[in-house]
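Below: the structure, in C-alpha cells.
Just so it is clear, none of the values below were taken in a lab; they were calculated from the coordinates. Please read these numbers as outputs of a predicted model, since none were measured by experiment. Positions of Cβ are generated from backbone atoms using ideal geometry, with glycine treated the same way; all protein chains shown enter the neighbour counts.
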Amino acid sequence: MSKILVTGGCGYIGSHTLVDLIDNGFDVISIDNLINSSADILEGVKAITGKTVQNYPVDLCDKAATQAVFRAHPDIAGVIHFAALKYVGESVEKPLLYFRNNLDSLLNVLECMVEFGVKNIIFSSSCSVYGNATELPVTESTPFQTAESPYARTKQMGEQILEDVCFQEKGLNAVILRYFNPGGAHESTLIGEAATAATNLVPVITETAAGKRASMTVFGADYPTRDGSCVRDYIHVMDLANAHTKAVQYLLADHQEKNCEVYNLGIGEGVTVLEAIYAFEAVSGVKLNYEIGPRRAGDVVAIYANNNLATSRLGWHAKRGITDIMRTAWAWQQKRK
Ligand code: UDP
C-alpha cells in the first residue's frame, strides 16, 4: 500500500481526494495548518472510508517542521501539494503574503523531497494561468497570457519552478494539474465545500437558495457569449479528486517516461453563469433570487478545457456534469443549515 502525503488535506479538494485515494487502496497522511480549513472534515472522511487520517498541523513555510514530517515517514511514495492560499481578491490586496506563502511552501516541499528521496509530486495549478486565452477550448500548450491576479501568478511561477527543478533533479517526476471550476460535494454529504463568505459561483448559488443571502448578482450579461454571461468549465469535485488518484497511479507506474507533465482538468464543456443558475433551479426546484449586475474586475470572458491529454494518458474520465454538481452542492448546503 503506497503512502501519499497530501498537503492541504483538510481543504475542499484535498479532503475529497483523501477519500478517493483511500477508496483506491492508498495509505494517506495530511499536512494542513488549518488556517482556512478545519480538521473536523477528517471525521467526515473517516465516516465515508472507515479510515482515520493523521493530519500534521504544520505550516509548510516552516522548513524544520516540514522536514520532521518527512523524517517521520521515510516511506512516502509521492506528494500531492494542494496547500496554498487561493483567494483571488485577497491576493490583489496582499500580494506579498501570497508570493511568500505559495512559493515558500512549494520550495520547502521540493527541498524536502530531494533531501528525503521522494520522487513524485502532483501540483495544484489552475486554469487562471491561461489568463484571457487566445484559443478555446484551451489545450495544455495554449500560451499563458498576463495573469489576472497575484494568485494566478503564484501558480504560473509554481509551474515554472517545477519544470526547472525536474529538469535538474533527474528522477523527480511532476504532474501539474490545471483545475477548471470545481463544485459539488461527495454523494454522502459527509464532506463538502466548507467555505465561509464564499465568492465562487456554486456556493453563492446554494447559499442564496438556502436564504443565507437575500439575493445574488450575475456579474455581467453583456459579454460576447450566447446569453451574455461568462462561460466556465465546471468540474465535479469527485471527478477532480479521482484525477489525482489517476495521476498518482501514473507516476508510480515505473514503465512510464515522464518528468514534468501538465494536464487540464475540466470536462470540456462551457457553461454560462445563467445556464448554471437554470441547472440549479431545475435540480433543486428552488427559484433563485438573482439580478444582473456589472462585470466583476479580473473575470475572463470564457474558458473551457480540451481534456484529451488527461483522458488519453491518465485514463481519467469525468463522470458528472453541471446537474450533479448542483444536486450534490445543494444537498451539502441543506445539511449545513
Ligand atoms: N459569478 C457571478 N456571481 C457570483 C459569483 C460568480 O456571476 O456571485 C460568475 C463569475 O463572474 C464567473 C463565474 O461566475 O463568470 C465563475 O466565477 P467563480 O468565482 O466561481 O470562479 P472563477 O472562474 O472566477 O475562478
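The table that follows gives values for the structure above.
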item	result
Eligible aspartates and glutamates near LYS119 by straight Cα distance, threshold 16 Å, same-chain separation 8 or greater	ASP75, GLU111, GLU163, ASP164, GLU169, ASP254, GLU257, GLU261
Loop sites in segment 131-203: trypsin sites (Lys or Arg not before Pro), DSSP, at most 15 other Cβ within 10 Å	LYS170
Relative contact order (%) - the chain, alpha-carbon pairs under 8 angstrom, separation at least six	19
Shape of segment 288-329, Cα gyration tensor, a/c cut at 1.5	oblate
Diffusion coefficient, µm² s⁻¹, Stokes-Einstein with Kirkwood Rh over alpha-carbon pairs of segment 82-196 at 37 °C and 0.692 mPa s	210
Cys residues of the chain counted as unpaired, since no other Cys beta-carbon is under 4.7 Å	CYS10, CYS61, CYS112, CYS127, CYS230
Cα-centred dipole magnitude for segment 198-337, charges only on beta-carbon of K, R (+1) and D, E (-1), debye, nearest 20	520
Cα centroid of segment 18-42 to Cα centroid of segment 123-158, whole Å	27
Anisotropy class of segment 1-125 from Cα gyration tensor, a/c 1.5 cut	oblate
Peptides ranked, highest mean first, by Cβ atoms within 10 Å: ranges 37-50, 97-110, 118-131, 4-17	4-17, 118-131, 97-110, 37-50
Extreme residue, positive dipole direction of the chain, given options VAL283, GLY171, SER105 (C-beta unit charges)	VAL283
Shape of segment 170-226, Cα gyration tensor, a/c cut at 1.5	oblate
